[in-house]
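Encoded as structure tokens, the structure appears first; notes follow it.
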Amino acid sequence: MTRNSIAFWTGSTVFLVAVFVMTQVVGNQYPFFAGYVILQFIALAVAWSILGGYAGYVNFGTSAFFGVGVYAAVFLVKAFGAPLPLQILAGAAIGALMGFALGLLTLRMQGIFFSIATIALTIIIETTITNWRYVGGAAGIQIQRPAVTAPFDNYVQMLFFVQALLVVLAVAISRYIQNSWIGRGLQALRDDELAAECTGVPTLRLKLLACVISGALMCAVGAPAAMYLQYADPASAFNLNYSVTTLAMSLIGGTAHWSGPIIGAILLGTTQQLLTVTISSEVNVLVLGLMLVLFVVGAPEGIIGLIRKLRGERKEGEV
């Protein structure tokens, strides 16, 4: 293992230990409710960046994958009483298949045409779920949480820790892709897809792979949300805000490096949670729009790009 890999896995272990200790020490439940949402968006932003960042295909279908993950869990709970790990694994499998199908149908499209197709996907799936009475239809469905298992005292604490595990998994996959031939191929097709094809890069295969991995992670992240809210309805599960917020977090943090979406999600997610408590949740949309405009105009490469630029200027000054 390289020094960077050792540092990454050490940091991930420390992070998970800190999250676990927090579940055992903190008695107030609100930090877990708010923390779950932040971790959820970190994982979504990282998953989005695999296709939207590395490959440059702007995907507005995050809410479709997230909603499918939610309703996959709802179906498994109602039909079989499936445990949470099975819900997450099934969600990931369905997300991978869905990503593969989406890739075959749309990845030959480019630019705005691909983005519009992903929005259409969300509308089609939401309409289907709205008319599926077995999982509640338009009225929604209540979900009863099972008894929590040791060493957790509360189900939300357990979900908080599970979401932390999903964050580490998503980041580890994203980091591996960036540092492998897959990431280099995706970056080549993002810069110039025609030139990449001419040099032998298997662009369609790479895009399909990115779509499958990204979709699997997004659905897996959505699966615990049904138990988190104890309720699911199509309007909430397939809310377009998931797509817009995830995209904004990735762009604000920077898509050139795997750590960019993490930084953007922490910054924006924490800000939104603080505003929800202190002012109103309605202000979140305003803050999201303002921050996105500011970064697109002032720092189009995100926080990561801004840091690199400042480092470059500092080195030039020292020389």
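Amide H neighbours of Tyr231 under 5 Å, counting only residues 5+ apart in sequence or on other chains, H built in-plane at 1.01 Å?
For Tyr231, the qualifying residues are Ile143.
Could you provide, to the nearest whole Å², the per residue accessible area of region 155-295 with probe 1.4 Å? All intermediate terms of the calculation are to be shown ahead of the outcome.
On the way: 5560 Å² over 141 residues.
Normalised by residue count, the accessible surface of region 155-295 is 39 Å².
Using θ = phi - 60° and the Karplus form 6.51 cos²θ - 1.76 cosθ + 1.60, what ³J(HN,Hα) does each residue of region 59-71 get, whole Hz, x for Gly and Pro?
The phi angles translate into 9, 9, x, 4, 5, 5, 5, 4, x, 5, x, 4, 7 Hz.
Between Ala138 and Arg184, what is the label-point separation in nm under the 7 Å Cα-to-beta-carbon projection?
My value for the distance between the label points is 5.4 nm.
Keeping every protein chain in place, order Cys219, Cys198 by accessible area at 1.4 Å, biggest value first, i.e. largest first. Mind showing how you got there, number by number?
On the way: Cys219 0, Cys198 110 Å².
Order by accessible area, largest first: Cys198, Cys219.
Could you tell me the distance between the Cα centroids of region 60-91 and region 34-55, to the nearest Å?
Cα centroid of region 60-91 versus Cα centroid of region 34-55: 18 Å apart.
Give me the number: length gained by fully extending Glu197 to Val287, i.e. 0.36 nm times residue separation minus the C-alpha to C-alpha distance, one decimal in nm.
Numbers: separation 90, 0.36 × 90 = 32.40 nm, distance 4.03 nm.
Using 0.36 nm per residue and subtracting the Cα-Cα distance, I get 28.4 nm.
Leaving ligands, DNA and RNA out of it, rank Val285, Val68 by accessible area with a 1.4 Å probe, largest first. Working shown, then result.
On the way: Val285 90, Val68 20 Å².
Heavy-atom accessible area, descending, gives Val285, Val68.
Counting only residues 5 or more places away or on other chains, whose amide H sits under 5 Å from the amide H of Phe60 once H atoms are built in the peptide plane?
When sequence neighbours closer than 5 places are left aside, the close amide H contacts are Thr118, Ile119.
Carbon and sulfur atoms: what percent of the 1.4 Å accessible area of region 180-319 do they account for? Don't jump to the answer; show the numbers that get you there.
On the way: 4430 of 6970 Å².
Solvent-exposed carbon and sulfur of region 180-319 make up 63 percent of the total.
For region 58-110, what is the accessible area per residue in Å² when the probe is 1.4 Å?
Details: 2190 Å² over 53 residues.
Here the per-residue accessible area is 41 Å².
Over the chain, what is the relative contact order in whole percent, taking alpha-carbon pairs under 8 Å and six or more residues apart? Mind dumping the intermediate values first?
Working: 458 pairs, mean separation 97.9, N = 319.
Taking the mean separation of contacting Cα pairs over the length of the chain, I get 31 percent.
If you place +1 on the Cβ of every Lys and Arg, -1 on the Cβ of every Asp and Glu, and leave all else neutral, what size is the dipole of the chain about its Cα centre, to the nearest 20 Debye? Don't jump to the answer; show the numbers that get you there.
Working: 15 positive and 12 negative charges, 87 e Å.
Result for the chain is approximately 420 debye, rounded to the nearest 20.
Nearest 500 deg cm²/dmol is fine: what mean residue ellipticity at 222 nm does the chain get from its DSSP H runs of n ≥ 4 alone, each adding -39,500 (n - 2.57), divided by its residue count? Let's see the in-between values first.
On the way: 15 runs with 245 residues, N = 319.
After summing the helix terms and dividing by the residues of the chain, the value is -25500 deg cm²/dmol.
May I ask you to rank Tyr54, Tyr228 by accessible area, largest first, using a 1.4 Å probe over the protein chains only? Can you show the working numbers first?
Details: Tyr54 0, Tyr228 35 Å².
The residues order as Tyr228, Tyr54, largest area first.
The values are calculated or read from the model by the stated rules, or taken from the named source; none is laboratory data. Bear in mind the structure is a predicted one, so any value in this text is a computation, not a measurement. For neighbour counting, all protein chains shown are included, and Cβ atoms are generated from backbone atoms with ideal geometry for every residue, glycine included. Keep in mind that these areas ignore ligands, DNA and RNA; they rest on the heavy atoms of the full protein, side chains included. Shrake-Rupley method; radii C 1.70, N 1.55, O 1.52, S 1.80 Å.
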